[in-house]
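Here the structure is laid out as structure tokens; the discussion comes afterwards.
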Amino acid sequence: MAIPGKNSFLLFHDQRQMIEQLSDNKRGKLMLSLYNYSELGIHPDFSDVGLNVAFASIKAAMDRSTEKYKAVVERNKRNGARGGRTPREEIGQDEDF
């Protein structure tokens, strides 16, 4: 899932309850696997069912967020190719109100 120029991923509050069910050690493994997935596209191979379920759930949300991000980037590219917004001077607005 690594995307050039994207240096973050989202965790949502509704995922907290699921993450709290894991031990501290498993939470750490989960977090590192999320970073690896986001940065490098690496899918973990957990032997623990709980970690697999948590990762799959969060991964699905990450993938949805990434698709939204890609759509915004594409929209911005198209708008930029059209010249973007007209500068303020050209539309008659002063910088001082």
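Contact annotation: residue pairs with Cβ atoms under 6 Å, 6 or more positions apart or on different chains, pairing a residue in the range 26-47 that is at pLDDT 95 or above with a partner that is of a type in the set (S, T, Y), are P44/S33. Assuming P4 fulfils every condition listed in (1) under 21 Å from the mean Cα position of the chain (by Cα); (2) modelled with pLDDT under 90; (3) assigned to a helix (DSSP H, G or I) apart from one, which condition is it? Every condition holds for P4 apart from (3). For the range 60-76, does any single residue satisfy the condition of being among the polar types (S, T, N, Q), part of a helix (DSSP H, G or I) and farther than 16 Å from I3 by Cβ? No, that holds for no residue. How many residues, within the range 1-56, are closer than 27 Å to V73 by Cβ, of a type in the set (G, A, S) and exposed (fewer than 13 other Cβ atoms within 10 Å of the Cβ)? Residues that pass the stated criteria total 5.
The values are calculated or read from the model by the stated rules, or taken from the named source; none is laboratory data. In this text the structure is predicted, and so the values were computed from the model without any measurement. No Cβ is skipped: glycine too gets one built from the backbone with ideal geometry, and neighbour counts run over all protein chains shown.
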